[in-house]
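A short reminder: the numbers here are calculations on the coordinates, not readings from a lab. Please read these numbers as outputs of a predicted model, since none were measured by experiment. Cβ atoms come from the backbone with ideal geometry, glycine included; neighbour counts cover every protein chain shown.
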Amino acid sequence: MPPAAERVPWRWLAAGRASRSLVLVVVFVALLLDNMLLTVVVPIVPTFLYTTEYEGANSSVAPARTEPAPPALKAPPFSSMFSYFDNTTVTISGSTSAMKLVNGTEISPPSQTPATSPPPPSGCPEGKEFLAKENIRVGLLFASKALVQLVVNPSVGLLTNRIGYHIPMFIGFVIMFLSTVMFAFSGTYTLLFIARALQGIGSSFSSVAGLGMLASVYTDDFERGNAMGIALGGLALGVLIGAPFGSIMYEFVGKSSPFLVLAFLALLDGALQLCILQPSKICPESTKGTPVFTLLRDPYILVAAGALCFSNMGVAMLEPTLPIWMMQTMCSPKWQLGMAFLPASISYLIGTNLFGILANKMGRWLCSLIGMAVVGISLLCVPLAKNIYGLIGPNGGLGFAIGMVDSAMMPIMGYLVDLRHTSVYGNVYAIADVAFCMGFAIGPSTGGAIVRAIGFPWLMVIIGVINIAYAPLCWCLRNPPAKEEKIAILSQECPMQTKSYTTQKPLRDFPLTDDSDVEAENAE
């Protein structure tokens with residue numbers, strides 16, 4: 001093979017590593033797999049725990065109840081009984097309604113039937129008390145991922161400032177792969193809990209490093225908004241595929257099958273990262289980033305983080321509680337428990353891609369304000385559903401509105417750092433991910449307890465009202481001042497520009513020449 005032909009793959013690889021589009025593809029795939037694993041367990045865990053713990057315990061206890069010898073006058077648990085008086089054999093069913101035959105006379109034993117509630121409708125699971133307790137256990141299991149991610153995120157933000165984004169991104173892939181394999185072969189609640197917590201560590205590395213990498217590669221605010229919208233589309237697609245994929249595979253193939261498929265896809269993602277990102281290369285930031293605690297004292301960053309937290313808290317509360325509520329009230333089969341989230345996932349995919357572009361034109365503050373209001377209204381409508389079809393409208397509106405908020409807030413986080421702090425993005429996207437994780441930590445962990453105390457409808461009322469009440473705070477993001485100048489540079493008429501706020505004069509949308517100021521003054 002000629003030397004020139006041998007160099008072609010290396011040239012392609014070098015060109016790929018310099019391409020912003022391929023970096024976007026890597027982040028897209030990482031977020032896709034992370035969120036597929038996030039949601040694929042939603043329909044599996046409640047039914048898996050019910051099958052293994054409640055039904056398994058009852059099936060083992062039921063035969064044991066027939067072992068003790070019955071007291072006098074009760075029907076013995078034998079299949080037949082021989083009478084020595086008239087040599088007749090009487091078949092006994094073993095139930096309390098069985099009849100004895102003594103000297104040819106039928107004697108009915110005393111009724112010992114305990115007072116029990118009527119059996120549930122056909123297709124509905126038994127054990128309402130078990131399901132009520134399971135709300136809390138499933139909520140804690142789902143929240144463990146976000147709680148761990150909450151703790152790890154600040155450390156990952158500092159790590160990316162020191163060694164760059166490539167190595168943390170690859171570490172996230174390795175941990176995610178291990179978590180997926182552990183999910184596939186876990187058969188107890190404890191192992192599932194550990195696998196979910198391990199996923200939180202991997203997700204922290206992938207999301208913080210991925211979003212920070214995008215913000216550093218796409219420095220123009222408009223391009224950054226579009227790139228964030230596409231990356232969040234990967235997140236949305238993962239949410240879209242995860243729950244229906246998990247419920248169908250679990251119903252018709254088995255528990256391990258969806259996780260093994262995800263593990264194979266994760267290996268492909270790792271190979272892609274090895275080719276594009278050079279995870280052995282240390283690339284520290286050239287400038288020191290703003291400390292996390294300084295960013296946390298910025299009120300505008302806190303408002304944006306709060307919008308991310310509360311809008312996602314609604315769907316986080318639905319994940320553990322909605323499938324169990326459907327099992328109790330709608331007698332839904334397994335495959336419907338995941339399909340109920342399909343409208344939210346599809347509309348989230350549409351919302352993130354649509355408002356990645358529109359939010360910059362209409363004003364990101366307005367986009368997030370409307371989105372949070374719609375989130376609250378949609379959550380209030382969820383308990384009104386009587387069957388799975390009644391969930392299409394509320395869940396669809398919920399996903400679309402969360403897409404509006406996420407696609408507006410993620411670019412704003414990077415823009416606020418450009419405007420008011422040092423343009424190093426690891427720490428601010430660690431804060432954004434912390435806000436996201438707080439929603440997914442507080443939501444499931446408190447949602448199960450609230451459902452058990454006051455019921456599922458009141459849970460939806462509480463989180464819906466919180467979102468509607470928080471929405472007006474997004475107005476504060478309409479005109480955030482530059483820290484150096486304390487002047488407003490963000491408005492609907494003037495699109496946001498980055499790294500161009502060093503003078504007291506109004507910003508312009510075009511490159512300036514040496515004589516442009518003179519020309520502008522003459523024009524005025």
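Ranked from highest to lowest mean number of other Cβ atoms within 10 Å per residue, what is the order of the peptides 203-214, 471-482?
Result, highest mean Cβ count within 10 Å first: 203-214, 471-482.
I want to check the label-to-label distance for Ile454 and Ile163. Put each point 7 Å from Cα in the C-beta direction and report it in nm to one decimal.
According to this spin-label approximation, the distance is 4.7 nm.
Report the trypsin sites (Lys or Arg not before Pro) located in segment 288-341 that are in a DSSP loop and have at most 13 other Cβ atoms inside 10 Å of their Cβ, or state none.
Within segment 288-341, the qualifying trypsin sites (Lys or Arg not before Pro) (loop, at most 13 other Cβ atoms within 10 Å) are Lys288, Arg297.
Longer than 29 Å from Cα to Cα, which of Lys288/Lys361; Lys145/Lys361; Lys145/Lys334 are they? Say none if no pair is.
Where the Cα-Cα span goes over 29 Å, the pairs concerned are Lys288/Lys361; Lys145/Lys361.
By average Cβ neighbour count within 10 Å, what is the ranking of 386-397, 139-150 from highest down?
139-150, 386-397
I'd like the Karplus ³J(HN,Hα) series for segment 317-331: coefficients 6.51, -1.76, 1.60, θ = phi - 60°, whole numbers in Hz, and an x wherever there's a Gly or Pro.
Coupling constants for segment 317-331: 5, 6, 4, x, 9, 5, x, 5, 5, 5, 4, 7, 9, 10, 6 Hz.
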